[in-house]
1. Using Cα pairs closer than 8 Å and at least 6 residues apart in sequence, work out the relative contact order for the chain, in percent.
2. By how many degrees, 0 to 90 and rounded to 10, does the Cα axis of helix 65-75 deviate from the longest principal axis of the chain?
3. Can you list the equivalent-ellipsoid semi-axes of the stretch 41-100, largest first and in whole Å, using the square root of 5 times each Cα gyration tensor eigenvalue?
4. If you build a Gaussian network model of the chain, linking Cα atoms that sit under 10 Å apart, which residue out of 57, 83, 27 swings the most?
5. Grab the DSSP H runs of the chain that are 4 residues or longer, score each as -39,500 (n - 2.57), total them, divide by all residues and round the 222 nm result to the nearest 500 deg cm²/dmol.
6. Under a GNM of the chain (C-alpha, springs under 10 Å), which listed residue has the highest mean-square fluctuation: 65, 16, 35?
7. Arrange 26, 53 by Cβ neighbour counts within 10 Å, fewest through most, would you?
8. When a/c is below 1.5 the answer is rounded, else prolate if a/b is larger than b/c, else oblate, so apply that to the chain with a ≥ b ≥ c taken from the square roots of the Cα gyration tensor eigenvalues.
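Values quoted throughout were computed directly from the atomic coordinates according to the rules given, and no laboratory measurement underlies them. Keep in mind that what you see is a predicted model, and the values were worked out from it rather than measured. Heads up, the Cβs are rebuilt from the backbone with ideal geometry, glycines too, and the neighbour counts pull from every protein chain shown.
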């Protein structure tokens, strides 16, 4: 699997990039972003955050239980594919955060 990337927005302003790769996940704030941080667990930082699993902040944006199963079934996405579900529903999240896939030119 190659690297998958998504832009992360807060109040319609691009704040950073979330990436899924072989070793897990990386979130980096944009160098030109000087607003509030996304969460207390992801304070504004010039260095990238790395995690073997999806960051709890981003995971909390997904539905749980029965509703997660319905989303996955309707969109034909494996319910364990948290990144896929997050990106596929990222423009319709609760609150001020939006997540949009970055489509790389091949």
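1. Once normalised by length, the contact order is 28 percent.
2. Taking the Cα atoms of the chain, the angle to 65-75 is about 90 degrees.
3. Semi-axis lengths for the stretch 41-100 are 23, 13, 10 Å.
4. Greatest mean-square fluctuation among the candidates belongs to 57.
5. -5500 deg cm²/dmol
6. Result: 65 has the largest fluctuation of those listed.
7. If I rank by nearby Cβ atoms, fewest first, I get 53, 26.
8. Here the chain falls in the prolate category.
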